[in-house]
Ligand SMILES: [Zn+2]
Ligand SMILES: [Zn+2]
């Protein structure tokens, strides 16, 4: 390496005034620490990251309505079961709700995953979690209107734990 190369100054390809020695692992372009995205194989530039993500997300736009079509009715059924069946057991129902919520939500997540043929989409988890909220919300409203604050607890547990489970499962 010559002296000239050693002292050569490089600039970020997105910030022409920012000096950097960091290079994208994939395309070799110079990137500043602000632009660099950390991946398991090293730092890459935002362009390469987007390309990588596009290859990762194999789903199509039609997967979103399909996910709602599967998740919403199941969430409605689950919301009804939690509110009226499990919610009527008594104080013990809280324990059952804690135990059953991740299982039922996991089942909904798997049903959606099966329906979209396991294709991955960026917002699939959000859409399914939103469907779960949409399926449980009517029962929460019903309990509120009935003045049964106690009745809010079991579907509430399902709502919180269920959305958490779905966000984790469909990442
Ligand atoms: Zn790159
Ligand atoms: Zn930069």
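The values are calculated or read from the model by the stated rules, or taken from the named source; none is laboratory data. As the structure is a prediction and not an experimental result, all values here were calculated from the model. Glycine also receives a Cβ, built like all others from the backbone with ideal geometry; neighbour counts cover every protein chain displayed.
So the values come out like this:
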| item | result |
| --- | --- |
| Number of positions in segment 52-73 that are modelled with pLDDT under 95 and assigned to a helix (DSSP H, G or I) | 5 |
| Residue count, segment 71-86 (criterion: without any contact (Cβ under 8 Å) to a residue 60 or more places away in the chain and either within 13 Å of residue 140 (Cα to Cα) or in contact with a helix residue (DSSP H, G or I) (Cβ under 7 Å, 6 or more places away or on another chain) (or both)) | 3 |
| Residues located in segment 122-151, provided they are over 14 Å from residue 71 (Cα atoms) and buried (at least 19 other Cβ atoms within 10 Å of the Cβ) | 139, 143, 151 |
| Residue among 49, 76, 81 that is touching a strand residue (DSSP E or B) at 6+ places or on another chain (Cβ under 6 Å) and assigned to a helix (DSSP H, G or I) | 49 |
| Of all residues in segment 27-44 being in a strand (DSSP E or B) and more than 7 Å from ligand 1 (Cβ to nearest atom), the one that is nearest to residue 11 (Cα to Cα) | 30 |
